[in-house]
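Data block below; observations after.
We did not get these values from a lab; they are worked out from the coordinates using the rules stated. All of these numbers come straight from a predicted model, not from anything done at the bench. So basically every Cβ, Gly included, is an ideal-geometry build from the backbone, and we count neighbours across all protein chains shown.
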Amino acid sequence: MMSPQDMLRILPELVLVAFGIVVMVAEAFLPAGRKHVTGPIALLGSLVALAATVVQAANPGYAFGRLIRVDSLSVFLHFLLLVIAALTILASMRYLERSRLSPGEFYALVLFATVGMGIMASANELVLIFLGLETSSLASYVLVGFRRAEPQSNEAALKYFLLGSFATAFLLYGIALLFGATGTTLLPEIAEELRADGSGFALALAGMALLFVGLGFKVAAAPFQVWTPDVYEGAPTPVTAFLSTGPKAATFAVLLRILFVALEPANGTWFWLLWVVAALTMFVGNFGALVQTSVKRMLAYSSIAHAGYILVAFAARNEVGIAAVLFYLVAYALMKLGAFSLVSHISASEADHSLDLYAGLHGRRPALAACLTVFLLSLIGIPLTAGFLGKFYIFRAAIHAGLIWLVVLGVANSLLSAPYYLRVIRTMYMSEPKGELAIAPVPASLAFVLTLTALGTIYLGIFPDAVQQFAASSVLSLTLP
Amino acid sequence: MKAHWLTLVTFFPLLGGLALLFVSSAARETLRRLALAISLLELALSLPLFFWFDSAQRGMQFLERHQWMQSPPILYQLGMDGLSLVLVLLTTFLMPLSVLASWSIERRVKEFFFMLLVLQTGMIGVFLALDLFLFYVFWEVMLIPMYFLIGVWGHERRLYAAIKFILYTMAGSLLMLIAIIWLYLATGTFDLFEIQHVLRTPGVLLDPRTELLLFGAFFLAFAIKVPLFPFHTWLPDAHVEAPTAGSVILAGVLLKMGAYGLLRFCLPLFPRASQEMVPLISLLALISIIYGALVSMVQPDMKKLIAYSSVSHMGFVVLGIMAMNEVAVQGAIVIMVAHGLSTGALFLIAGMLYDRRHTHLISEFGGLATPLPVLSAFLLFASLASLGLPPLVNWVGEFMVLIGVFRSNTNYAVVAALGVVLAAIYMLWMYQRVVFGEVKNEANRSLSDLGRRELTILVPLAVMIILLGLFSPLLTERTQNTVRTILLQSESPYYEVAQSPDEPEAQR
């Protein structure tokens, strides 16, 4: 049953697992002072996995029966997820040294979480989706609590774990009900069954609702977003950067496959669900962010708001909308990874992320201030940044679908979000520094991450064609048999 | 080279600004001189356009057209007609003066001039872009340097003014973005020519309600920028708190963008809705004229007084545009230029007084004629220009607007004329309190009169105000065909104007 072709189709995951094990073993055997070598190994792992994705891309098709589906969409996401993993590893190197956390476990967990997300990106079957989600979630729970000695980190991990398990239970129930209604867990077959006879439709809808609760939790969609600020704030900041981009992207990919493949026949029903959730998520995120004094927490709320914008594109239910989701995921990953990595460097300790740290940053560290400004302007959606084009594509898709009111709400939210992003810019450029706040010199690894994300944000805002076309071709692959 | 001249004119300031970043921040004098040189060079680059421009031609000249993005198809398309010519030249003319006026800035000189030059690229881009997406990009990006100019180098309440400025303008422009996307979905393109062409094709006409909504979204963005009552409340704050150069650019160029947008987009794209909304918009314009003038009268702060007078003057511009006849629209364009020059001069003089006394309060001054005779003379000249004294350029514009409006609606003209009278009252009263009488405040007695740099700023402005007043055809000849085209487009939805780039006569 298992063919060499099958192996090629999960090659990135195999590579990541292999390197994850190597990193873990190396951690155990390396002398105490040399443990940081695991960082470069893990980085190499993610780069080799990127190369493996090219091999994977050359072998499209099903693997392991029809459990795995390698198509343009899964390749797109693999590239994105692996770049996120690589940048996370780079951005955490100095952080781990500084906070005296054991690096080997950390990197291994990042790699394993990425394995789970990679499986989610190419899973074509509900149980496999569940497995991928659990793999990435379990690793994430540990990563959130990685600062073992800190009560805040423990609290965050426990909260994430308890609520996460709860959400997973919902997901499983949903899968069970869908299976009960259609007799299959393969996504395309679910759609066929739903189209063929309407007998199990009501049951399937109930399953869909439960499924949506589980996935909504993972992407921090309102009203399942309550955990987000606390968990994002309590987690080590590089982990926050990882959490807010990687698992979110993978879960949105799953949502794409479930909604547009398996539950496509029910799109008239889930459309309203998404409309309401999208609007609610944007408002909850932005209103929450408006009143924050901690920059990290503000960015956490802003993540919620951005999930809302992405859900607007889902509600559009058209091909440009799906392409907009994919483009937005890339844009969002660039700006959020950059912003969180920068935040992790500015704060000497996780205890303090207050705005005061940024006062007069422009005078002390002009390059850092300029990078953060790029990220924040992109998050607002000022033209010539990736964030603007992302929103532009989403709004275009939604107007195309006739969702004028949802777009008006989205636009209102953009306006609502401007003050809190601008507040940071204002503090950096227009306030005097409060006392002597030393900022450590920026290590080369972090400088690389910031340069790449900042330039990427601008580049994608001016020349989006390549990513846009890749996204468009991924959309086509989604609905092909 | 001529084929890419507009690109050169648009991006030269940005390149200059980027070059400034490589100069050491400590070399302030070098930075100032470099910025001045860049802005003068930019002026020199824009001047040939004035001579190359063919007034006899209809449609856009110096067209430049490249594919920018593929999906959705977005063009990098620049072009110039009489209206954009005049406004681009106004921008490039005011910029060196603003740079000179910023000589006294000592804090973060490099960033200041960088922002100013980036702003210039944004402004010129707005006037030249002929693709709705490109236009929106310039329109929106421009907010950021202005935000910094107000927020970093402004006066006491700068932070409040900066955020208010950016939020107000964003509120308008985001709705415009929705309208732009809608237009794209209706026509399949962002290309302004194509959109006009498609909208005029019988059968694809927008239904009246949609047209009205789209018009409303565009109009709101422009009305906030103009600013028209009741969307004007950001303006006094921004003006008062901005550094002198910021106020000059705000009044001189940024406000014109609203009027420009009305002429370039609202009237030609949504002719029926425009006709329908004439009474409402004219009413708002009239309220702006009278309200702006009345509020000006009671301002204790010089800059605020000038700011509210801008509301009043811009009301004239909008009233003229909405009269939709040739004389009135021509007059509106003349006022746009005149207001840029005279209000620019007033803000510059207010800035010079601020440099000496660190206040804008009228009550702090009085009897300035004794210590500052030259400055007082220029203040008198600028005030007279602003209130519309013949034969200065403001008078030409106001007169034309009044004639044009009189033709379309006598009542409007009567009310608007009242605004001219009020302008005389508040300007002269301000002048009287500042300049005449005994020197009451001892601090004013020993002030030094205008220096060479300050004279270099004010003399060109005065010369232009007189020159364009005496030879107004310098302007009107060049805008005549543009105005006729716009009016034709806004008359009947079906009228087909030879303006598409495929037409040989539009090529240059």
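Per-structure values
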quantity	calculated
Percent RCO, i.e. relative contact order, over region B:168-302, from Cα pairs under 8 Å lying at least 6 residues apart	28 percent
Size of electric dipole in chain B: Cβ of Lys, Arg +1 and of Asp, Glu -1, about Cα centre, debye, nearest 20	1020 debye
Angle in degrees between helix B:452-470 and the longest Cα principal axis of chain B, rounded to the nearest 10	50 degrees
Rounded D (µm²/s) - region B:2-494, Kirkwood Rh over Cα pairs, Stokes-Einstein at 37 °C, 0.692 mPa s	146 µm²/s
Cross-link partners of A:K434 among aspartates and glutamates (Cα-Cα below 18 Å; sequence separation of 8 or more within a chain)	A:D352, A:D356
Centroid-to-centroid separation of region B:385-410 and region B:305-343 [C-alpha atoms, Å]	9 Å
Relative contact order, percent, chain B [alpha-carbon distance under 8 Å, six or more residues apart]	18 percent
Net charge dipole size for chain A [Lys, Arg +1 and Asp, Glu -1 on Cβ; Debye, nearest 20]	880 debye
Positive-pole candidate from A:G164, A:S294, A:G390, dipole of the protein assembly as shown, charges at beta carbon	A:S294
Partner lysines for A:K218 [C-alpha distance under 28 Å; skip if fewer than 8 residues away on the same chain]	A:K159, A:K248, A:K296, A:K336, A:K391
Gyration tensor (alpha-carbon) shape descriptor, region B:269-349, a/c threshold 1.5	oblate
Gap separating the Cα centres of region A:102-134 and region B:52-127, nearest whole Å	51 Å
Distance histogram for chain A (every C-alpha pair counted, 20 angstrom bins, percent rounded to whole numbers)	26, 60, 14, 0
Shape metrics for the protein assembly as shown, restricted to C-alpha atoms - Rg then Dmax, Å	30.7, 104
Order of B:L117, B:L220 under a 10 Å beta carbon neighbour criterion, fewest first	B:L220, B:L117
Gyration tensor (alpha-carbon) shape descriptor, region A:247-308, a/c threshold 1.5	oblate
Region B:269-300-region B:227-250 distance, computed between alpha-carbon centres (Å)	17 Å
Listed residues A:A266, A:H345, A:V284: farthest to the positive end of the dipole of region A:264-367 (Cβ charges)	A:H345
Relative packing of peptides A:218-224, A:363-369 - highest average C-beta neighbours within 10 Å first	A:218-224, A:363-369
Shape of region B:29-153, Cα gyration tensor, a/c cut at 1.5	oblate
Eligible lysines near B:K256 by straight Cα distance, threshold 23 Å, same-chain separation 8 or greater	B:K164, B:K225, B:K303, B:K304
Relative contact order [Cα under 8 Å, 6+ residues apart], region A:4-479, whole percent	15 percent
